[in-house]
Amino acid sequence: MTSASIAVIGGDGIGPEVTAEALKALTAVAGPDAFDFVHYDLGAERWQRTGEVLPDSVLGELKGVDAIVLGAVGAAPGSKAIPSGLLERGLLLKLRFAFDHAINLRPSKLYPGVPTPLAPRIVDGGPVDFVVVREGTEGLYCGNGGAFRAGTPYEVATEVSINTAHGVERVIRDAFDRAEKRRKKVTMVHKHNVLV
């Protein structure tokens, strides 16, 4: 049996702890020889040590694996050690664009007996079990903005949200495909009054 190669980017903060548990779960389900884990040192700590976020050579290696397990990345809350947006653009978005990872899933489910701030708000004990399907490579992620008169009292920043018909269609199709396998319901959330 050939093992699957999995890149592991533990990241920062709680990221290494969470990814370590994810690897234990994968190994428990598939067996000790099912995966070849390759660990990558990427995130805030690496940038602080080396000044590199995601070198092209590492991106090339990541393109050769079967899957990537990615933990949390970023500086500690409140820290000013990492410039705002550096890791988001230099690591997370760079990975999304390189792999055309356009579908961003956010599952939300409440399990019985697990404390949560949402519990008192559940009507008639109804379940909370939904998946948010977001587009992750277009819109404001395109980075089609900028600033001028920087550092002056007249500094101006702009950002343009770019959405292609292709990008919108594929995220909507993905949401409907998922709904077909679940409760057959899709709710589209948008802000049409100011975001056209």
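Each value in this text was obtained by applying a stated rule to the coordinates, not by laboratory testing. These numbers were taken from a predicted model, which means no experiment stands behind them. When we count neighbours, we look across all protein chains shown, and the Cβ atoms used for this are built from the backbone with ideal geometry, even at glycine.
So I have (1) 53; (2) 59; (3) 42, and one of them is percent of Cα pairs over 24 Å apart calculated from this model. Which one is it?
Of the labelled values, this structure produces (2).
Using a 10 Å cut-off around each Cβ, can you sort Glu180, Glu135 from fewest to most neighbouring Cβ atoms?
Numbers: Glu180 10, Glu135 19.
Least to most surrounded, the residues fall as Glu180, Glu135.
For the stretch 1-26 and the stretch 44-95, what is the centre-to-centre distance using only Cα atoms, to the nearest Å?
16
Running a GNM on the chain with Cα contacts under 10 Å, which residue among Ala44, Ala72, Ala34 ends up with the highest mean-square fluctuation?
Result for the chain, Cα springs under 10 Å: Ala34 fluctuates most.
Check each of the trypsin sites (Lys or Arg not before Pro) in the stretch 61-164 and keep only those in coil by DSSP with at most 14 other C-beta atoms within 10 angstrom; list them in order.
Lys63, Lys80, Arg149
Hey, fewest Cβ within 10 Å first, where do Phe97, Phe35, Phe148 land in order?
Phe148, Phe97, Phe35
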